[in-house]
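Participant: My questions will all concern the structure given below.
FYI, it's all coordinate maths here, none of it is from the lab. Just so we're clear, the structure is a prediction, and the values are computed from it rather than from any experiment. Cβ placement follows ideal geometry from the backbone for every residue including glycine, while neighbour counts extend to all protein chains displayed.
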Amino acid sequence: MQRQSTVPEAPGPSLINVVVAGATGWVGSALVPAILAAPDLTLVGAVARRHAGQDVGTALGGSPVGVTVVPTVPEALAMADVLVEFTSATSVQGHVLAALDRGVHVVVGSSGLDPADDPRLDAHARERGLGVVVAGNFSLVATLAKRLALIAAAEMPGWEVVDYAAAAKPDAPSGTACEWAAALGAVHSQAAAVPVSAVVGHPQARGATIAGVQVHSVRVPGYVLSTALLAGAGDERLTIRYDAGQSPAPYLTGTLHAIRRVTSLRGLVRGLEQVWP
């Protein structure tokens, strides 16, 4: 995919020291071994409250690797070049700010960073000469689906986003859906036949308005993560949908690539396509 970022670049280190926040979580537990196996990356910190005090290798069911899990992000940043954030929507902004204040670049895969806060975080990062990569989804297939959705939206008069996830997912919409909406809202404005404010009955049934786009979140058992663009024009319809499986493996390549690229950025970029390839 063609890189679109306009963020200035600067030389990055040849060996990158990485801290993973959420190291024993769904993505983190697969990311830690991937970092340990990468010749140009060094795992220097792991954050996870439930496994604090344990070696992260042991906590993940393997052999010790010489990195002790700590309960908070600030405790892990002393030797870091990059913080990778895969914790929770309620913690992510504080972790980003803590890393930037310590001179550490950040890769964010957690939901919870409002695109409206991007200019403030971008300025904060630039002041410190640091890079931040925020992606609602680090899957290359999800990134391709987003690109196709943007192409379709440019040619269609109306569209909405539907976000599906597991019943236990606490945040809504998902980071992927928010990222799609923010990008789609910049394509062109839509003139709703019935504005949400004029809906009779229960206006909340029309979903949340994000960047001028209606986003609907479905939370039912059996789903992992799915995001769909529903577009219509005249007497025809188009659906572009991304479905995630049970494994975090699809997110690893994109995350590792973002770790390698973020050290050469200054400021914040949103979306994996901004740094890929």
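Participant: Using Cα centres only, tell me the gap between segment 154-211 and segment 41-59 in whole Å.
Facilitator: 38
Participant: Continuing with this model, one more query. What order do you get for 117-127, 81-91, 216-226 when each peptide is scored by the mean count of other beta carbon atoms within 10 Å, highest first?
Facilitator: Details: 117-127: 15.8, 81-91: 22.3, 216-226: 14.0.
Those peptides, ordered most packed to least, come out 81-91, 117-127, 216-226.
Participant: When the Karplus curve 6.51 cos²θ - 1.76 cosθ + 1.60 is applied with θ = phi - 60°, which whole-Hz ³J(HN,Hα) does each residue of segment 17-29 get, with x for Gly and Pro?
Facilitator: 8, 10, 10, 10, 8, x, 5, 10, x, 4, 7, x, 5
Participant: When ranked by the protection proxy of mean other Cβ atoms within 10 Å per residue, highest first, what sequence do the peptides 244-253, 230-239 form? Numbers along the way, then the final one.
Facilitator: Working: 244-253: 15.5, 230-239: 12.4.
Order by mean packing, descending: 244-253, 230-239.
Participant: Sticking with this structure for a sec: Return the single residue from GLY201, GLY158, GLY57 with maximal mean-square fluctuation; model: Gaussian network over the chain, springs between Cα atoms under 10 Å.
Facilitator: The residue with the greatest mean-square fluctuation here is GLY201.
Participant: So, one more: Hey, any idea what Rg/Rh is for segment 1-135, computing Rh the Kirkwood way over Cα pairs? Working shown, then result.
Facilitator: Details: Rg = 14.7 Å, Rh = 15.2 Å.
Rounded to two decimals, Rg over Rh is 0.96.
Participant: Can you quote the Å³ per residue value for the convex hull of the Cα atoms in the chain, rounded to an integer?
Facilitator: Numbers: hull volume 36.9 nm³, N = 277.
Once divided by residue count, the hull of the chain is 133 Å³.
Participant: Could you compute how fast segment 123-193 diffuses translationally, taking Rh as the Kirkwood radius over C-alpha pairs and applying Stokes-Einstein at 37 °C with viscosity 0.692 mPa s? Give it in µm² per second.
Facilitator: 232
Participant: Further question: Could you identify which residue out of PRO157, PRO173, PRO203 has the top mean-square fluctuation in a GNM of the chain using Cα springs shorter than 10 Å?
Facilitator: Among PRO157, PRO173, PRO203, the largest GNM mean-square fluctuation belongs to PRO203.
Participant: Give the distance, in whole Å, between the Cα centre of segment 109-130 and the Cα centre of segment 70-106.
Facilitator: With segment 109-130 and segment 70-106 each reduced to a Cα centre, they are spaced 13 Å.
Participant: Sort the following peptides by mean Cβ neighbour count (other Cβ atoms within 10 Å, averaged over residues), highest first: 65-74, 255-264.
Facilitator: Working: 65-74: 17.9, 255-264: 21.8.
Going from most to least packed, we get 255-264, 65-74.
Participant: Compute the Kirkwood hydrodynamic radius of segment 75-172, taking the inverse of the mean of 1/r over all pairs of distinct Cα atoms, and give it in Å to one decimal.
Facilitator: By the Kirkwood definition, the hydrodynamic radius is 15.3 Å.
Participant: Additional query: Of GLY234, MET156, GLY185, whose Cα points farthest to the positive end of the dipole of segment 121-277 (charges on the beta-carbon: +1 Lys, Arg; -1 Asp, Glu; origin at the Cα centre)?
Facilitator: Result: GLY185, furthest along the dipole toward the positive end.
Participant: Using Cα pairs under 8 angstrom and six or more residues apart, how large is the relative contact order of the chain, in percent? Kindly include the intermediate steps, with their values, before the conclusion.
Facilitator: Values: 577 pairs, mean separation 66.5, N = 277.
About 24 percent, as a whole number.
Participant: Next question, about the same structure. Report, in degrees rounded to the nearest 10, the 0 to 90 angle that the Cα long axis of helix 175-185 makes with the longest principal axis of the chain.
Facilitator: Result, in degrees: 50.
Participant: Could you derive backbone 3J(HN,Hα) for segment 98-110 from the dihedral phi with the Karplus parameters 6.51, -1.76 and 1.60 (θ = phi - 60°), listing whole Hz in sequence and x where the residue is Gly or Pro?
Facilitator: Once θ is set to phi - 60°, the couplings for segment 98-110 become 4, 5, 4, 5, 9, x, 10, 5, 9, 10, 10, x, 7 Hz.
Participant: If you don't mind, there's one more thing I want to ask. Toward the positive end of the charge dipole of the chain, about the Cα centre and with charges on Cβ (Lys, Arg +1; Asp, Glu -1), which of VAL194, PRO115, PRO64 goes farthest?
Facilitator: My answer, from the dipole projection, is PRO64.
Participant: GLY136's amide H: which non-local residues (gap 5+, or another chain) put their own amide H closer than 5 Å, with H modeled 1.01 Å from N in plane and none for Pro or chain starts?
Facilitator: GLY271, LEU272
Participant: Then there is this: Where Rh is the Kirkwood radius over the Cα pairs of segment 140-243, the temperature 37 °C and the viscosity 0.692 mPa s, what D in µm²/s does Stokes-Einstein return? Please report the intermediate quantities before stating the final value.
Facilitator: Values: Rh = 14.1 Å.
This corresponds to a translational diffusion coefficient of 234 µm²/s.
Participant: Another one. Amide H of LEU225: which non-local residues (sequence gap of 5 or more, or other chain) have their own amide H closer than 5 Å, using H built in the peptide plane?
Facilitator: Sorted by chain and number, the residues that satisfy this are ALA244.
Participant: Would you mind telling me which residue in ALA167, ALA177, ALA48 has the biggest mean-square fluctuation in a Gaussian network model of the chain, where springs connect alpha carbons within a distance under 10 angstrom?
Facilitator: Judging by the Gaussian network model, the answer is ALA167.
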